[in-house]
Amino acid sequence: MRRIALILGTALPLAVALPALAEDVVIRIEAKRGAEAAQTAAQGWSSQLPGVVTFPLSDGWIGIALGPMPREQAETRLNELKAAGQVPGDSFISAAQGRNLTPVAASEAAAPATQGTAPASPVGAGSTFVPPSSTQAAAPEAQPAPEVAAPEVAAPEVAPAPAQYFIRIESSADRAKADETLTKYRETLPDAGLWTLPNGRFAVALGPFEEAAGAEWLGAFKNAKAVPRDAFLAEAAEMGEVTTPGQAPEIGVISSPESQPLPMPPLEDVQRALRWAGHYDGDIDGKDGPRTQSAIANEVVLLRASPDPATAMAELVSRREAWRQQMGLTVLEDAHTGLSMPAPMDKLQFDRSERALSIYGPKDGSGAALILFSQTGGQQEMLDLAGLITALGWVPTPERKVSNGAITLDGRNETHIGHAEGRVIDGRAQGFVLIWPISDPDDQRRLAAEISDGIARYAPAAAEAPAPVAETPAPEGAANPLTGN
């Protein structure tokens, strides 16, 4: 049996903490297609969070973000907002430089108040006009004017507010069972609530919606199997009393009937974006199979950018591309192993090559490392490499998934997350190890998916490993890229 000997000598120091960068950044929370939709959404965000800005993206999309602010402040604030559930879970930090940022006020600006007149109330405040203060100087007395009957003026017609609807999900006559049902549905619909209907039953529901939006989102939820097929829209007047309050769902605006529907992005791009979001683990093959369709339907519910799958996937693809730019992903071509892949080279720098390995260490204290490996061989050589990766602590106490011609390792400790993938392709055992700070699990997962999807052989490896590997798991004194020991 042919094995390889890997002797790792030079220490590879690795600092975990990411250094603060000088440039200003924004926290990107959403994107909408079209100025009207973006302004509506931005106004909604600005009523909840300060510092909302908008900026143009490609193809008519407009980004919505918080900022600008220093990166260190943005990282702290993003973590706080995510922990409090105030922004979407896939919100991320993006560079502010080069963007045309437009601040968004919380409401339409009121006209300046004239002296002696109370300022107008904010929209929706429900307050009434306040007469001038009685402390103003009194005007000189004048003879009363003769009484003249004021002409009758018809009161302006006020359009009634649109009727509000709720998606009725499931009901029960038993309160305990209804509470259990609510808990179950809140795993995917955290804003659902419980109502006591006029007939005494308890109903789990989600809303309110305007009728058209409610109908479209009901269809999207059914398509994703997030609600039963017999769920339906019910007017607010039929809902009875709130028993366990829910929250008004944060959803994207629906398309107007006269607008042209967006085409679905290329399915390979959709599959990559779904994998980036952590909701697809199938092949990137561009095929419209049931696994892809299920992932799209589920992502529509989770993303809530639009009930239209094409619009929602366009938004997801746009978010992934913005994140790739923010992470500084570029194509790395490593001549020693002959492998190429997307890699965050803003956070990595080449350290050395040793036998079957190319090692990229941290740049500017990023806390990241990337190890590439390529060796002639098959299943056993791949398993030998996996054993060495484990012994060196690159993937601590890993969970192993082994199949014919493939292996995946995942593990973590108090300082870092390790992820390794190996494949046997055309008579070679090849793959990568990604090491990432424990403080940033979302980007670690996304990066691992990007590298896994993009790794390919672009040239023959520059060197072969001629010697067999020893039976011991690792040579004594081998360098650990986290500790340098």
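Nothing in this text is a laboratory measurement; each read-out follows from the coordinates by a stated rule. Here the structure is a predicted model, which is why all the values come from computation and not from measurement. Glycine also receives a Cβ, built like all others from the backbone with ideal geometry; neighbour counts cover every protein chain displayed.
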ask   = Which order do peptides 281-289, 73-81, 163-171 fall in by mean Cβ count within 10 Å, highest first?
value = 163-171, 73-81, 281-289
ask   = Between Gln73 and Glu180, how many nm apart are label points set 7 Å from Cα along the C-beta direction?
value = 5.0
key: Residues whose placed amide H lies under 5 Å from that of Leu348, excluding near-sequence neighbours   = Lys363
message = Please state the shape class of the stretch 164-244: rounded when a/c is under 1.5, otherwise prolate if a/b exceeds b/c and oblate if not, all from the C-alpha gyration tensor.
response = oblate
inquiry  = At 0.36 nm per residue, and after removing the present C-alpha to C-alpha distance, how many nm does the segment from Gln325 to Asp283 gain when stretched out fully?
reply    = 12.7 nm
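Which value, in debye to the nearest 20, describes the size of the charge dipole of the stretch 164-244 about its Cα centre when Lys and Arg Cβ atoms bear +1, Asp and Glu Cβ atoms bear -1, and nothing else is charged?
Working: 9 positive and 13 negative charges, 66 e Å.
Once rounded to the nearest 20, the dipole reads 320 debye.
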task = Describe numerically, in nm with one decimal, the distance between label points set 7 Å from Cα along Cα→Cβ at Ala84 and at Arg423.
result = 4.3
message = Defining a contact as two alpha carbons under 8 Å apart and six or more residues distant in sequence, what relative contact order in percent does the stretch 328-457 show?
response = 22
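Dipole magnitude of the stretch 371-450 about its Cα centre, charges +1 at Lys/Arg Cβ and -1 at Asp/Glu Cβ only, in debye to the nearest 20?
Details: 7 positive and 11 negative charges, 35 e Å.
With Lys and Arg at +1 and Asp and Glu at -1, about 160 debye.
Find the percent of Cα-Cα distances in the stretch 307-351 that exceed 16 Å, and round it to a whole number. Working shown, then result.
Numbers: 525 of 990 pairs.
In whole percent, the share of Cα-Cα pairs in the stretch 307-351 beyond 16 Å is 53.
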request  = Report the dimensions of the stretch 244-363 along its three principal axes from the alpha-carbon atoms, largest first, rounded to Å.
outcome  = 60, 35, 31
Overall Cα dimensions of the stretch 24-103, principal axis frame, Å, largest first = 30, 26, 20
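Can you work out the FRET efficiency for the pair Thr244 and Gln293, with r the C-beta to C-beta distance and R0 = 30 Å, to the nearest 0.05? Mind showing how you got there, number by number?
Numbers: r = 33 Å, r/R0 = 1.11.
Step by step, r from the Cβ atoms, then E = 0.35.
Can you check what the net charge comes to around Arg446, using other residues whose Cβ is under 13 Å from the Cβ of Arg446 (Lys, Arg +1; Asp, Glu -1)?
On the way: positive: Arg272, Arg275, Arg319, Arg320, Arg324, Arg445; negative: Asp90, Glu321, Asp440, Asp442, Asp443, Glu450, Asp453.
Around Arg446, the surrounding residues sum to -1.
Rule-of-thumb check for the stretch 327-416: C-alpha Rg over 2.2 N^0.38 Å?
That works out to 1.13 for the stretch 327-416.
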note = One finds, for Gln43 and Leu101 with R0 = 22 angstrom and r their Cβ-Cβ distance, a FRET efficiency to the nearest 0.05 of 0.85
query = How far apart, in nm, are two points set 7 Å out from the Cα along the Cα-to-Cβ line at Ala310 and at Thr415?
reply = 5.2
inquiry  = Please list, short to long, the whole-number percent of alpha-carbon pairs of the stretch 267-326 in consecutive 5 angstrom bins beginning at zero.
reply    = 4, 22, 34, 26, 12, 2, 0
inquiry  = Can you give the local net charge around Ala215? Use residues other than it whose beta-carbon is closer than 14 angstrom to its beta-carbon, Lys and Arg +1, Asp and Glu -1.
reply    = -3
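Multiplying the sequence separation of Lys225 and Asp442 by 0.36 nm and subtracting their Cα-Cα distance, what value in nm do you get? Write down the numbers at each step before the final one.
Details: separation 217, 0.36 × 217 = 78.12 nm, distance 2.60 nm.
Here the segment from Lys225 to Asp442 would lengthen by 75.5 nm.
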remark   = Residue separation between Gln349 and Thr188 times 0.36 nm, minus their alpha-carbon distance, gives in nm 53.9 nm
